[in-house]
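Asks: Got a structure for you, written out below as structure tokens; questions coming shortly.
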Amino acid sequence: MRIKIKVIANARKDEVIEGDPLIVKTKEPPIKGKANKAVVKLLSKYFNAKVRIISGEKRKEKWIEVEERNSR
């Protein structure tokens, strides 16, 4: 599943705000990929699945891919 997100770095707290696009706030600065790593970790917990950034590595607007889990 692919989702468009907006990242806000240097925020007061880490949080995910539902909307279109999904807003992800992180305390980490946008330096040397720190914010991106924090976003991936935060969204992995939020979706309880593996998440990766597929587009927008150096932009506030990004596309992520959430790995869908097979139901048994």
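No lab work stands behind these numbers, since they all come straight from the coordinates. Note that this is a predicted model, so its numbers are computed, not measured. Quick reminder, even Gly has a Cβ in these numbers, built from the backbone with ideal geometry, and neighbours come from all protein chains shown.
Asks: Tell me, which residue of region 10-55 that is under 11 Å from the mean Cα position of the chain (by Cα) and of a type in the set (Gly, Ala, Ser) is nearest to Glu68 (Cα to Cα)?
Replies: Going through the qualifying residues, I end up with Ser44.
Asks: A follow-up question, please. Conditions first: (1) buried (at least 17 other Cβ atoms within 10 Å of the Cβ); (2) part of a helix (DSSP H, G or I); (3) out of contact with any strand residue (DSSP E or B) (no Cβ under 6 Å at 6 or more places or on another chain). Val39 passes all but one, so which condition is the exception?
Replies: (3)
Asks: Then there's this: From the residues in region 17-72 that are of a type in the set (S, T, N, Q) and in contact (Cβ under 8 Å) with a residue 12 or more places away in the chain, which one is farthest from Ile3 (Cα to Cα)?
Replies: Filtering region 17-72 for residues that are of a type in the set (S, T, N, Q) and in contact (Cβ under 8 Å) with a residue 12 or more places away in the chain, the one farthest from Ile3 (Cα to Cα) comes out as Thr26.
Residues checked against (1) of a type in the set (Ser, Thr, Tyr); (2) touching an Asp or Glu at 6+ places or on another chain (Cβ under 8 Å):
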| residue | (1), (2) |
| --- | --- |
| Arg2 | no, yes |
| Glu18 | no, no |
| Ile23 | no, no |
| Thr26 | yes, yes |
| Lys32 | no, no |
| Ala38 | no, yes |
| Ser44 | yes, no |
| Ala49 | no, yes |
| Arg52 | no, yes |
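Asks: If I go through region 1-20 residue by residue, how many of them are in a loop (DSSP other than H, G, I, E, B) and exposed (fewer than 14 other Cβ atoms within 10 Å of the Cβ)?
Replies: Of the residues in that region, 7 qualify.
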